[in-house]
Structures are given as structure tokens and as C-alpha cells.
Amino acid sequence: MKQFTYTITDPVGIHARPAGLLVKAAKALDSTVTISTQAGKSAGAAKLMALMGLGIKQGDTVTVTLEGGNEEANAQTLEQFFKDNL
């Protein structure tokens, strides 16, 4: 299991467009990706509606957990995705 935290910088948080991009990025990996909020809610990153249901706003810190597959490489890829898009 590999984890990293990230504070959302996108002015509108994880809304439809970036959530869709995140789902696409997560599905391309061979790891199971889970996004967790500080409020204790979590969702699979490959599930668009569940992800949007977390209500993640700008300034919120999320924990991204990867399990299975090449966790190290996938975590680096996803962390770069977050920096570029969220």
C-alpha cells in the first residue's frame, strides 16, 4: 500500500471535468486507487459519481491510497496528475 496527501488548489475543487480526468487516470493504472477526505469519507477514484459526492473543495487535503500493481510508479504518476490538474 502506498499513500500520499495533496491539498486541492483548483478554485472549484474536484468538480465534473477534473473528476472525469481523475477517473480516466485512475482506470489507466494497475492499482486500486482510493481518495479519502479529512472528514473521513472515501471513494474509489475510478467511480465518477462517488468521487464527486465527496464534495472536495479548494483547500481541502485528501489522502490518496494505492493498492496492488506497481504502487510506487503509479503513485508518482498520480501525484503528478494531481499537481497538473487539481
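The values are calculated or read from the model by the stated rules, or taken from the named source; none is laboratory data. On a predicted model such as this, the values are computed, not experimentally measured, just so you know. Using ideal geometry, Cβ is built from the backbone for each residue, glycine included, and neighbour counts are taken over all protein chains shown. The protein model used for the area step is the full one, side chains on, heavy atoms only, and it has no ligands, DNA or RNA in it. Shrake-Rupley method; radii C 1.70, N 1.55, O 1.52, S 1.80 Å.
On a per residue basis, the stretch 6-48 carries 53 Å² of accessible surface, using protein heavy atoms and a 1.4 Å probe.
Placing pseudo-labels 7 Å out from each Cα toward the beta carbon at GLN80 and LYS57 gives an inter-label distance of 3.3 nm. Using a 1.4 Å probe over the heavy atoms of the protein chains, calculate the carbon and sulfur portion of the accessible area of the chain as a whole percent. Of all accessible area on the chain, carbon and sulfur atoms account for 50 percent.
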